[in-house]
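The values are calculated or read from the model by the stated rules, or taken from the named source; none is laboratory data. Predicted model only: the values in this text are computed from it and were never measured. Virtual Cβ from ideal backbone geometry, glycine too; neighbours counted across all protein chains shown.
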């Protein structure tokens, strides 16, 4: 029992070190030098009851958490940006679950969908665990509007 407590405390310290700087758009951004990024997560039954939610990053700076059915909107300067998502561990960002690069053009909007889908069940003596896979991709405006 004492060993388990030490392991959990060590994990909490390591995960606590994973937090970083938050992204804040420059006040001088406008339609002539920036684009809009929408990152969303469709409303699905899978993971709906999970109290932990993944963390979304732009260029390794956190922009927020993405619960089932949520969306995050932010303004990005024109140019290349890395959008990533990190799975939570003890309510802190942990491993990267997906990433992609977007070349932002002024006046345009970009839509990125993150979803977890069930992929199976592992049955162990005395318990069963749901397995899942994640998808992280750029989608068109119509898909975003329908939240598919």
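Side notes on the structure shown:
- Residue 35 closer than 25 Å to residue 141 by Cβ, at pLDDT 85 or above and assigned to a strand (DSSP E or B): yes
- Summed over region 120-148, the residues that are under 22 Å from residue 67 (Cβ atoms), modelled with pLDDT under 80 and either in contact with a helix residue (DSSP H, G or I) (Cβ under 6 Å, 6 or more places away or on another chain) or assigned to a strand (DSSP E or B) (or both) give a count of 8.
- Of the strands (runs of 3 or more DSSP E) entirely within region 61-119, those holding at least 2 residues that are crowded, with 18+ Cβ neighbours inside 10 Å and at pLDDT below 85 occupy 92-104.
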